[in-house]
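The values are calculated or read from the model by the stated rules, or taken from the named source; none is laboratory data. Values in this document were obtained by computation on a predicted structure and should not be read as measured data. Methodologically, a virtual Cβ is constructed for each residue, glycine included, from the backbone with ideal geometry; neighbour enumeration extends over all protein chains shown. Note: areas computed on protein heavy atoms with side chains; ligands, DNA, RNA excluded. Shrake-Rupley method; radii C 1.70, N 1.55, O 1.52, S 1.80 Å.
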Amino acid sequence: MMPLLRPIIFRPSPIILSKSTRIFNCESLSLKYCCCNFSSQKAEIPQTSRVPNNQGSSYDTTVATLRKKNYMRPAKSVREILTKCQEGDKVRVQGWVKGLRKQKKFVFLDICDGLSFHNLPVVVKAEDTPSELNMHTSIDVYGILAKSPNNPALLELHPTSEIKVFGGCDQLEYPFAGKSKYTQEHIRQFLNLRPKTKKFGSVLRIRNATTQAIYDFFKKNDFVNIHTPIVTSNDCEGGGETFTIRPHSEELLKEMMSENKLEGQIQNLNLPRDEIFFNKQVYLSVSGQFHLESAVGGLGKVWTFSPAFRAENNKSTRHLSEFYMLEAEIAFAYEIEDILEIMEDLVKFCITQVLFENGHDWSIATENDTLLRGLLENILKHPFTVMTFEEAKHILESKANSAVSTDKGLSREQELLLVEQLNNNVPVFVINWPSHIKPFYMRQCVNDISKVSAVDLLVPTIGELCGGSLREANPLLLERALARQDPSGALTRSLAWYLELRKYGGVPSGGFGLGFDRLIQLMTGVKTIKDVSPFPRWAHHCAM
């Protein structure tokens, strides 16, 4: 077997600037490749390495000592060790102690590095076990792999040098110590430590896998990724549920007002404080849709994946003040079916990746919920149902005796009723909505101008997962819609650039937005959206 190619960096001696600062002469740094094993590596490195310890101070360790203890050897992931390495391989692993069993002669550890759900068994002689080693401590171990005596199919690590403990863990103060099963409410109180828990770690890896699936899906379908801005001058949804932005520094605001005065910008001398910096009021984005509509006019198929913000005093299990939104837009969209197909394929692609490529993490996150697996497989198996708003209204009123308001649309209870009880848990596209309850930019239905070509995708356990529409392509109709929403004309003036998209090579387009956190809820069965977001923000809560 050929030895691995490893880069060896030859570094010149450092120039000492101060006791705490060092720089290297970058021009003389050279990078070479050679065939070598780790034991024969002879790269020149500074003669002292400084490593922090868990008391916040530091200690000097000579390179010779580091080499002797194999701390210079690159660590492998636990998953790589268990799937690619074999008996007799020498490996280094870094991670946290997730299992600890002490016997008279040996101590048995389970090490997890967080990159996967796997644990690596480590068998240590009792006399070689560091005194500070305990559950949840972070360690660095170098040793040789051997077959487990109890199960020869499994590998375990036998240290051949001193185990390095980097961070201790006070078992009396740590909020997740012991084997107790804690409630989500208790765990949520410790957002800074929550990623250390087993179940939430799996949820975060599922988020990561789903994010990768989304990128893969759009790449395979020739979409161009666009980085839409977080700071925006428009309220895309028109609901007024925006966060306003202005600088915190009063000195900066005074300075900018003085600049306006010196430059003779009379119109900007009496601006409200919220408008001084940008000469207009700006917000945290509620959606990247308008910017995608700008991009799609030149690129054909675009998408974005970014945070969105809603200033809602809503404490429901499905709402956050900051959440992640996936949005896509396609040019030459003539029928609503053009975007329905993309929405359905995307949702099924993500579910497939999580269930069949990340099944172990899914089992941990859901506690192997067989009912949830059956529900998700049912979603994959059946084409999504398509019905108009009027058809949905008729079904709910005739079969479930649930009155639907044409001024408010469907309540969440009605969404779930329609999908779960009246459609056997198969997702439903509800299309052709009353125009007066939808935003101004949606295209009128050809055969009924009181309706717009809009769609909500309803799924089991969640309700609305996606919302989308065809966009109004006629600039005159769009201008009239803006005037109806704001007779003062201020909205029309602020969105003049949006109207121009229709005047210069405009095309009929359509698109949708998908709530990413809700998708994770659907796939994991987690009841509260706060428990699928790494660091949730909602009314009266912004920890960390």
Scattering curve values for the range 78-167, log₁₀ I(q)/I(0), Debye with Cα scatterers, q = 0.13, 0.19, 0.21 Å⁻¹: -0.36, -0.81, -1.01
Spin-label model distance (nm) - A153 vs F332, 7 Å beyond Cα toward Cβ: 5.3
Estimated FRET transfer efficiency (D448, N134; beta-carbon r; R0 51 Å; 0.05): 0.15
Where the range 78-167 is the region considered: accessible area per residue in Å², 1.4 Å probe: 53
Reference-scaled alpha-carbon Rg (2.2 N^0.38 Å with N residues) for the range 281-368: 1.39
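Expressed as a whole percentage, what fraction of the accessible surface of the range 78-167 belongs to carbon and sulfur atoms when a 1.4 Å probe is rolled over the protein heavy atoms?
50
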Nitroxide proxy distance, nm - points 7 Å out along Cα→Cβ at L191 and D274: 2.4
Accessible area of E127 in the full protein assembly, 1.4 Å probe (Å², nearest 10): 140
Spacing of the two label points (7 Å from each Cα toward its C-beta) at D222 and K181, in nm: 5.1
Protection proxy ranking of 504-512, 536-544 - average other beta-carbon atoms within 10 Å, highest first: 504-512, 536-544
FRET E, pair S405, C542, Förster distance 30 Å, beta-carbon r, rounded to 0.05: 0.30
Residue-span extension gain [D369 to Q212] - 0.36 nm each, minus C-alpha spacing: 54.1 nm
Relative contact order computed over the range 78-167 (Cα-Cα under 8 Å; 6+ residues apart), in percent: 30
Relative contact order of the range 335-454, defined on C-alpha pairs under 8 angstrom at six or more residues apart (%): 23
Mean-position separation - Cα centroids, the range 124-203 and the range 503-540, in angstrom: 34
Solvent-accessible surface (1.4 angstrom probe) belonging to F190, in square angstrom, nearest 10: 60
Ordering of 206-217, 75-86 by packing [mean C-beta count within 10 Å, highest first]: 206-217, 75-86
